[in-house]
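Each value in this text was obtained by applying a stated rule to the coordinates, not by laboratory testing. Keep in mind that this is a model prediction, so the values were computed, not measured. FYI the Cβ positions are ideal-geometry reconstructions off the backbone, even for glycines, and counts take in every protein chain you see.
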Amino acid sequence: MAAVTAFAGVMAFSSASPAAAASKSYSWDECGSNVGACLGLFYGAKKNGVTISACFMTNRSHKDHWGRTERGRITRYEFWNQKDRKYISFRLGVETKCMPEGWGSGHELKNAAASAANQDWVTHAIYYNSYYEGFGRAFPQDFSGNLHQLLRNNNASSFRENR
């Protein structure tokens with residue numbers, strides 16, 4: 001049965017069933033909490049040497065920061081604040097943390113990152129376009145700082161160096 005929704009004079013039709021809607025999930029941790037060697041992308045900028053913000057963590061390449069579809073299941077990437085009001089501290093410094101509460105949590109990752117911290121063992125590159133295209137910058141191991149002005153809020157993909 002098709003659902004009809006009206007808003008601001010526009011009508012939208014949807015034939016999605018509740019089962020289809022249930023096949024979407026959200027992820028902020030594509031690293032695996034037990035690994036510890038991750039690239040962190042932060043919603044907030046680094047200011048006065050401090051980065052404490054909602055974050056997205058990964059230790060793999062992502063051809064599109066929108067998310068991925070695998071076997072019919074959609075996973076959207078987003079920034080998230082940590083559960084149980086605990087910080088996730090990066091080894092790069094006392095003031096580089098995923099925060100337990102505040103702004104940015106639940107916001108989509110694509111085109112919304114302001115800073116990064118790379119505590120992975122390899123270099124990660126952030127790109128302006130999806131599929132690792134357009135302007136990009138490499139972030140070596142132990143980098144922590146703001147994204148280049150062309151990439152700030154324009155992050156569409158990231159590539160993890162293979163070793």
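Values for this structure:
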item	result
Cα centroid of segment 132-163 to Cα centroid of segment 41-64, whole Å	11 Å
Whole-Hz couplings from phi, Karplus 6.51/-1.76/1.60, listed for segment 119-128; x for Gly and Pro	10, 6, 7, 10, 6, 10, 10, 10, 10, 5
In Hz, Karplus ³J(HN,Hα) per residue of segment 37-51 (6.51, -1.76, 1.60; θ = phi - 60°; x = Gly, Pro)	9, 9, 8, x, 9, 10, 5, x, 7, 7, 10, 6, x, 10, 10
Amide hydrogen neighbours beyond the local backbone of T123, cut-off 5 Å, H modeled	Q141, E161
Cβ-based net charge around R163, under 15 Å, with every Lys or Arg adding one and every Asp or Glu removing one	0
